[in-house]
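Below is one structure, written out as structure tokens; the observations come after it.
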């Protein structure tokens, strides 16, 4: 790697997992961090130094990174409260040059490296894959009265939301791959880099952008950028009644797909993670899905302790007494992502499986049912879940945020349920989000129970009606109030 750094005239290179749209989920073929390290998780960047390659991963990916990363990669396991860029800065000498690919870093993130010597690179030296171009943009859309000044929108979910356009041709996506100029009297969609660059460099007036979502390459072309946090982000996070109804219909079919896969597991022997994953995709399609909303997680026993395990092995088979975690979702006509996680057991469960499952269920029930008719933030709900789960069963840890917003992308914010600063904003009526507590032990298994929910009339409601496994519940440790909450859902036997 020293030769590469010398050729580029830099001392360090930041290697991103994102594409030029700064999307969280991008194909591995366009993920430079994956090409460099072998780690396939959705988030986490790498840093090349003169003598090492560092990979930064949060708690969801600690186990997966150990299993996937190449031998020459040092894995930095971020703990709760640690931030990736803070750790990157500790490894970089301010007197030396850090190379950053301009199209794969937001302007806001770039500015946080103030005081460092930065060299912006026009091309990614690790991976030069180009994002797909769509050809469906001749369709016009209505002007929007709430746009009062010219804006340049680069967040794909926001572009898809404003235009009402959807594209299901790319796996795990319903969004269109384009950037948008929008003003009270004019809208232009760009899916050609050269045309977009030309427009931005020639535009003479002030142009509103959000530094958190525009990449540094595009920002540098704008003569008079005005930074304002995106109003569109908040607008699309509050779903209309028609969007909520579309979501309810989508989850009806999601529930049916999950019930079918439960029957498949109960009725068949000698099936692998891969077999279950393939059958699950077939069931989603059978019930009308246009596309999966993300790569399904089908994880048996120890594999289920990896919060974002996604291998679906052909060699790992479900045996009597084995536990399997399934995290999946799909897109239907509305292009809104569904998301659900359930845990099943083949045959009779062990006492440990029941104990862990029931404690995770307690966490979900309390977070779901305890915040009616009161203002609440995701930070507060996440804290409540940790109070229930932390240090209760030796060796089992809850090491990720409690939930995330859902919409055109399966992960959106706001809202957010975690210990991050963004989670301190109120969850208001119309917001849709997951509640997904979990406990994980790499020597045994992991349990996560996830319902996608929404807030309406000051109460939290569940889109998901898929029930819980009666044989995995120890009813004796549920309180009377928890049993009342549980009555909102089916018990499956």
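The values are calculated or read from the model by the stated rules, or taken from the named source; none is laboratory data. As the structure is a computational prediction, the values presented were derived from the model and not from experiment. Cβ placement follows ideal geometry from the backbone for every residue including glycine, while neighbour counts extend to all protein chains displayed.
Side notes on the structure shown:
- Counting the residues of the stretch 306-354 that are over 20 Å from residue 262 (Cβ atoms) and under 18 Å from the mean Cα position of the chain (by Cα) gives 9.
- Count - residues of the stretch 347-375 that are touching a strand residue (DSSP E or B) at 6+ places or on another chain (Cβ under 7 Å) and at pLDDT 95 or above: 9
- Exactly one residue among 170, 147 is surrounded by fewer than 21 Cβ atoms within 10 Å (Cβ to Cβ) and closer than 22 Å to residue 29 by Cα, and that residue is 170.
- The residue that is surrounded by the most Cβ atoms within 10 Å (Cβ to Cβ), counting only those in the stretch 89-108 that are without any contact (Cβ under 8 Å) to a residue 60 or more places away in the chain and assigned to a helix (DSSP H, G or I), is 89.
- Subset of the stretch 410-437 (residues that are within 12 Å of the chain's Cα centre (by Cα), outside any loop (DSSP other than H, G, I, E, B) and within 29 Å of residue 392 (Cβ to Cβ)): 413, 416, 433, 434
- Scanning the stretch 69-88 for residues that are out of contact with any strand residue (DSSP E or B) (no Cβ under 7 Å at 6 or more places or on another chain) and either under 13 Å from residue 45 (Cα atoms) or buried (at least 19 other Cβ atoms within 10 Å of the Cβ) (or both) yields a total of 3.
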